[in-house]
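Novice: Here's a structure for you.
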Amino acid sequence: MTARNPLVMTNMKRLFVLFLLLLVATLGWAKEAAPMAEDVAVEKRMVAISDELRCLVCQNESLSGSHAELAQDLRREIREMIKAGKSDQQIMDFMVDRYGDFVRYRPPMKATTYLLWFGPFLLLAAAVVALILYLRRRSARLDLDPQPALTADEKKRAEALLQQVENKR
């Protein structure tokens with residue numbers, strides 16, 4: 001049986017203690033687990049409502065799928081309104097009154113939301129018109145400024161170059 005080096009054992013003990021201290025220190029960063037739904041029906045209704053709402057922080061994610069703190073607060077508020085007996089429409093109206101039609105994934109068709117509904121199509125149409133105008137101007141410019149024909153001297157030089165290439169083959 002071989003004797004162990006006391007210096008190596010001391011270093012390993014120090015390393016182990018350091019590892020344990022780091023492990024304990026990371027527990028300070030741990031967060032409290034999210035509470036499970038007290039009432040499954042309330043949770044299903046909250047998810048159905050929050051699926052129709054846009055996260056105001058992420059803007060490309062539904063309120064139910066977002067992990068932003070504001071989204072968590074809004075989901076908690078929706079739960080409280082459901083428990084208070086408010087209807088889905090009352091909850092949606094509250095959110096729209098508070099944050100505007102942008103909070104809805106499918107905003108209603110009205111004068112203030114026409115830009116939301118038709119803006120992308122207007123931008124696409126404007127891009128197509130700009131492309132057509134550009135291509136027409138470019139085509140007209142090329143028609144007005146055609147390449148001049150070769151002069152007799154240039155034709156002779158070109159033929160001589162072609163003859164040289166053919167002779168090399």
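Novice: Can you tell me which aspartates and glutamates have their Cα less than 18 Å from the Cα of Lys155? Leave out same-chain residues fewer than eight positions away.
Specialist: Excluding near neighbours in sequence, the set is Glu166.
Novice: Over the chain, what is the relative contact order in whole percent, taking alpha-carbon pairs under 8 Å and six or more residues apart?
Specialist: Numbers: 73 pairs, mean separation 21.3, N = 169.
It rounds to 13 percent for the chain.
Novice: In terms of modelled amide H atoms, which long-range or inter-chain residues lie less than 5 Å from the amide H of Arg104?
Specialist: So Arg104 has HN proximity to Arg54.
Novice: Same structure again: Give me the base-10 log of I(q)/I(0) for the range 84-126 at each q in 0.18, 0.30 Å⁻¹, Debye formula, one uniform scatterer per Cα, rounded to two decimals.
Specialist: For the requested q values the scattering log ratios are -0.59, -1.05.
Novice: With no solvent and one point per C-alpha, what does the Debye sum give as log10 I(q)/I(0) for the range 40-108 at q = 0.14, 0.18, 0.19, 0.26 Å⁻¹?
Specialist: Computed log10 I(q)/I(0) values: -0.34, -0.58, -0.65, -1.24.
Novice: Where does each of Glu52, Glu38, Glu80 land when they are ranked from fewest to most other beta-carbon atoms within 10 angstrom?
Specialist: Details: Glu52 17, Glu38 9, Glu80 12.
Fewest-to-most Cβ neighbours within 10 Å comes out as Glu38, Glu80, Glu52.
Novice: Continuing with this model, one more query. Helix by helix through the chain, keep the DSSP H runs that span 20 Å or more along the axis on Cα and average at least 1.0 on Kyte-Doolittle, and give those back in order.
Specialist: Working: long enough: 6-26 (30 Å, 1.69); 69-83 (21 Å, -0.97); 114-144 (43 Å, 1.22); 152-168 (24 Å, -1.38).
Span-like helices in the chain: 6-26, 114-144.
Novice: Beyond 18 Å, how much of the Cα-Cα pair distribution for the chain remains, as a whole percent? Numbers along the way, then the final one.
Specialist: Values: 11179 of 14196 pairs.
In whole percent, the share of Cα-Cα pairs in the chain beyond 18 Å is 79.
Coordinate-derived values only; no laboratory data. Given the structure is predicted, the values throughout are model-derived calculations rather than measurements. Here the Cβ is made from the backbone with ideal geometry for all residues, glycine too, and neighbour counts use every protein chain on show.
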